[in-house]
Amino acid sequence: MQTTLDLAQASEKSKSKETNSEGADNLATDSQNEADVDKKELTNGKTTENAEEFSSASAEGSDNCGEIVFNPNVFTEFKLAGSPEEIATDEDNVRKVSQYLTDVVIPKFIQDLWMLEVSPMDGQTLTEALHARGINVRYIGKVAGETKFLPHMWDLCINEIVVRSSKHIIKDVLRDTEDHDLAPALSHLLNCIFGSCQAPVGKPDSNGTQSRTPKKEQQSAGKHSRGQAQWKAKAFSKKSQPLYMKISSKSVWSDIQEFAMTKYKFELPEDSRSRVKKISVLRNLCQKVGITVAARKYDLNSIAPFQTSDILDLRPVVKHSVPFCSEAKELIDAAKSQLPDGMLQEALQLFQDASSVLQQA
């Protein structure tokens with residue numbers, strides 16, 4: 001009987017101990033949960049504060065970026081508005097941008113050319129590659145100087161410089177040419193660029209000043225009057241002779257070299273006249289000036305490969321925004337990058353994908 005009572009008391013004590021331990025565990029768990037909640041709230045508060053600080057910093061950065069505005073009229077002959085301090089700041093900003101372009105952007109582009117990550121095929125793709133990286137075409141002389149040991153890029157840059165220089169020279173001549181002389185002037189200029197044309201010697205006018213002077217006046221006129229008549233005859237012949245008739249191949253190529261040095265800071269090699277790819281230069285030049293020539297086989301090694309009848313039309317060239325498919329362009333660039341590695345099948349597949357995208361667009 002006593003043993004049974006002892007067992008009952010022992011069981012009650014053990015139950016009370018278990019109850020106390022469970023209560024202690026629950027209290028510890030509740031306190032731990034409260035601590036975790038406090039930590040989460042503190043962490044959330046810090047995260048919110050960091051996000052707000054980051055958003056404010058981003059807004060301030062965007063505001064600062066928006067404040068950087070470059071003045072396109074600095075270093076020009078125009079009179080600038082603003083105080084001398086503002087003008088000096090604008091000039092300093094442009095100098096910094098130009099320095100960054102010449103020290104960072106252009107060397108990176110030349111490195112891409114050496115690594116064949118960019119492979120222009122003609123003047124148009126070269127211009128697009130330069131513009132895609134924020135490089136003006138007037139820096140093509142610097143690009144050409146750094147790619148002298150890349151034969152295809154060297155020839156491509158020389159061709160583009162010759163084309164752009166010739167374009168300006170042709171336009172300057174056409175501004176002083178009458179409408180009925182456009183075809184003869186263009187054929188003569190093309191012969192000077194691609195052939196070996198000499199400036200024609202002006203023939204003396206049969207209806208000169210002496211023939212229009214009466215015989216009595218000729219007899220009574222002195223030495224002064226004869227000299228004045230000869231000067232008038234020369235002035236009349238010069239005035240009647242078009243400007244393009246005084247141009248020769250030597251003078252045209254001299255002007256091309258001078259323009260290339262002035263505009264592009266590039267000295268054309270002495271053999272550039274014979275080194276340029278004449279067919280590609282002719283095509284590019286006609287596209288830039290707006291010249292339409294007859295579709296026939298030209299002997300560009302002859303003295304005068306072009307005739308007046310070969311000039312069919314002269315159309316105005318207007319620059320405008322041409323929409324293009326960016327996805328197709330990316331596929332084409334990826335296909336071009338596969339070609340140097342000899343992965344012809346993959347390149348062909350990418351070209352076909354680009355063609356299908358262009359047809360769908």
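Provide the net charge surrounding Lys263, with neighbours chosen by a C-beta distance below 10 Å and charges set as Lys +1, Arg +1, Asp -1, Glu -1.
With Lys, Arg at +1 and Asp, Glu at -1, the net is +2.
Tabulate in residue order the Karplus-calculated ³J(HN,Hα) for the stretch 133-147, using 6.51 cos²θ - 1.76 cosθ + 1.60 with θ = phi - 60°, rounded to whole Hz; enter x for Gly and Pro.
My calculation for the stretch 133-147 gives 9, x, 9, 6, 5, 5, 8, 5, x, 5, 5, 5, x, 8, 10 Hz in order.
Report the calculated FRET efficiency for Gln241 and Gln124 (r = Cβ-Cβ distance, R0 = 41 Å), to the nearest 0.05.
0.60
Using the basic label-point model (7 angstrom from Cα toward the beta carbon), what is the Gln198 to Arg175 distance in nanometres?
Inter-label distance under the simple model: 3.1 nm.
For a quick check: with amide H placed at 1.01 Å from N, whose amide H comes under 5 Å from Phe266's, ignoring anything fewer than 5 positions away on the same chain?
Answer set, sorted by chain and number: Met261.
Which ³J(HN,Hα) values in Hz, rounded to whole numbers, follow from the phi angles of the stretch 268-285 under the Karplus curve 6.51 cos²θ - 1.76 cosθ + 1.60, where θ = phi - 60° and Gly and Pro get x?
So the J values, rounded to whole Hz, are 5, x, 5, 8, 5, 5, 8, 8, 5, 7, 5, 5, 5, 5, 4, 5, 5, 5.
Please find the FRET efficiency linking His152 to Glu91, where r is the Cβ-Cβ separation and R0 is fixed at 30 Å, and quote it to the nearest 0.05.
0.20
For a label point 7 Å from the Cα of Asp341 along Cα→C-beta, name the residues of the stretch 104-140 whose backbone N is under 16 Å from it.
Correct set: 115-119.
When you count, for each residue, the other Cβ atoms within 10 Å and take the mean per peptide, how do 87-93, 339-345 rank with the highest first?
Details: 87-93: 14.3, 339-345: 11.6.
So the order, starting with the most tightly packed, is 87-93, 339-345.
Can you tell me the length gained on complete extension of the stretch Ala304 to Met115, counting 0.36 nm per residue apart and subtracting the Cα distance?
63.9 nm
Find out how many positive minus negative residues lie around Trp154, taking Lys and Arg as positive, Asp and Glu as negative, among other residues whose Cβ is under 15 Å from that of Trp154.
-3
Could you tell me the center-to-center distance, by alpha carbons, between the stretch 153-194 and the stretch 337-355 in angstrom?
Rounded to whole Å, the Cα centres lie 37 Å apart.
Please say if the stretch 87-178 is rounded, prolate or oblate, where rounded means a/c under 1.5 for a ≥ b ≥ c the square roots of the C-alpha gyration tensor eigenvalues, and otherwise the choice is prolate for a/b larger than b/c and oblate otherwise?
Oblate is the answer for the stretch 87-178, as a/c is 1.5 or above yet b/c matches or exceeds a/b.
Ranking request for peptides 100-106, 165-171: highest mean number of other beta-carbon atoms within 10 Å first, then the rest in descending order.
The packing order, highest mean first, is 165-171, 100-106.
Fully extended, how many nm does the chain gain between Lys297 and Leu312 (0.36 nm per residue separation, minus their Cα-Cα distance)?
3.9 nm
In a shell of Cβ-Cβ distance under 14 Å around Ile279, excluding Ile279 itself, what net charge do Lys and Arg (+1) and Asp and Glu (-1) give? If you can, show how the numbers build up before the last one.
Values: positive: Arg275, Lys277, Lys278, Arg283, Arg296, Lys297; negative: Asp122, Asp155, Asp299.
Once all neighbours under 14 Å are counted, the net charge is +3.
Between Ala132 and Met261, what is the label-point separation in nm under the 7 Å Cα-to-beta-carbon projection?
3.5 nm
Which length gain, in nm to one decimal place, applies between Cys286 and Glu77 when the Cα-Cα distance is subtracted from 0.36 nm times their residue separation?
This chain segment gains 72.0 nm when fully extended.
Every number in this text was worked out from the coordinates using simple rules, so none of it is lab data. Values in this document were obtained by computation on a predicted structure and should not be read as measured data. Cβ: placed from backbone, ideal geometry, glycine included. Neighbour counts: every protein chain shown.
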